[in-house]
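What follows is a single structure, written as structure tokens, with notes after it.
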Amino acid sequence: SWSPDGRRVAYTARFRELWVTDESGTRSQLLVARIGGSDWSPDGRTIVFARYTPRPVGPYRGSLWRIPAAGRRARLVHAPRYSTHDPSWSPDGRQIAYGDNRQRLWAVSASGGGLRPLGPATLRGSVPRWSPDRRRIAFVQYGTAVWLSVLDLRTSRVRRLFRLDPTMSQTFGLAWSPDGRWLALSRQLEIPCDGVPLPGICLDFQVLAVRIADRAVRELYRAEYGEPYGLDWRR
């Protein structure tokens, strides 16, 4: 993801290492290992990330940490009962939204207190992303169907924008346009194709933009055999 000033990029290497590089990609710095998603603070000085630590028995557990973008020691922000993933920093810098492995959405203060659920108790989703005006959160909603949806934080109402087919696609990234009018969505599509030597399934990489006002959808990019991980709309 781009830093707020557009001069640096945070990215994940080897699936679990958090790095920061300059725009040219020639000067990179390893910040921390064993992560599961990250986001910049609005002032560009700090990065929040989900860190995975192995349990004695069972899967890895994720907790929220923050680290200066220039490096140095990371600090624990929040260690919930259930694993965290996909943190998103609010534009005012006061809160961090995240999803857990029960498909619940939460917000916690950037200092670690004031935990609260997002939306109704029945809401299930992942990949929360704050809107530029701080009033909404985009997310992938789960239920009888899978949707790209937007939660109004003032009313707790959910608006569905775009239906996803869980049998044919998988969502990897969401990003708001800087003006808050569009949502970009990256996903991987399973497409029947002629394999070698037998027919099989091909995986296409697709980036869409969905307009909030009228749900209009535009295909921005598509390629064969792509694997999209993460998505950001440069400020």
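The values are calculated or read from the model by the stated rules, or taken from the named source; none is laboratory data. Given the structure is predicted, the values throughout are model-derived calculations rather than measurements. Every residue, glycine among them, receives a Cβ derived from its backbone with ideal geometry; neighbour counts consider all protein chains shown. Areas reflect the complete protein model, heavy atoms only, side chains present, ligands, DNA and RNA absent. Shrake-Rupley method; radii C 1.70, N 1.55, O 1.52, S 1.80 Å.
Confirm whether Gly36 is more than 23 Å from Ser186 (Cβ to Cβ) and either assigned to a strand (DSSP E or B) or modelled with pLDDT under 90 (or both).
Values: more than 23 Å from Ser186 (Cβ to Cβ): no; either assigned to a strand (DSSP E or B) or modelled with pLDDT under 90 (or both): yes.
No: the conditions fail for Gly36.
Return yes when Thr21 is of a type in the set (Val, Ile, Thr), assigned to a strand (DSSP E or B) and touching a residue at least 60 places away in the same chain (Cβ under 8 Å) and no when it is not. Criteria not met by Thr21.
Of the numbered criteria (1) at pLDDT 90 or above; (2) crowded, with 16+ Cβ neighbours inside 10 Å; (3) under 18 Å from Ser109 (Cα atoms), the one Arg51 fails is (1). Taken as a whole, the stretch 63-86 holds no residue that is modelled with pLDDT of 90 or more, in contact with a strand residue (DSSP E or B) (Cβ under 7 Å, 6 or more places away or on another chain) and polar (S, T, N, Q). Is there a residue in the stretch 8-16 that is free of Cβ contacts under 8 Å to residues at least 12 places away in the same chain, out of contact with any Pro (no Cβ under 9 Å at 6 or more places or on another chain) and open to solvent by 60 Å² or more (accessible area, probe 1.4 Å)? Yes, that holds for at least one residue.
For the stretch 1-42, residues that are among the polar types (S, T, N, Q) and more than 16 Å from the chain's Cα centre (by Cα) total 5. For the stretch 116-135, the criterion of a residue being among the hydroxyl-bearing types (Ser, Thr, Tyr), touching a residue at least 12 places away in the same chain (Cβ under 8 Å) and open to solvent by 40 Å² or more (accessible area, probe 1.4 Å) is satisfied by no position.
Contact annotation: no residue pair with Cβ atoms under 7 Å, 6 or more positions apart or on different chains, pairs a residue in the stretch 162-179 that is at negative phi and acidic (Asp, Glu) with a partner that is surrounded by 12 or more Cβ atoms within 10 Å (Cβ to Cβ) and at pLDDT below 70.
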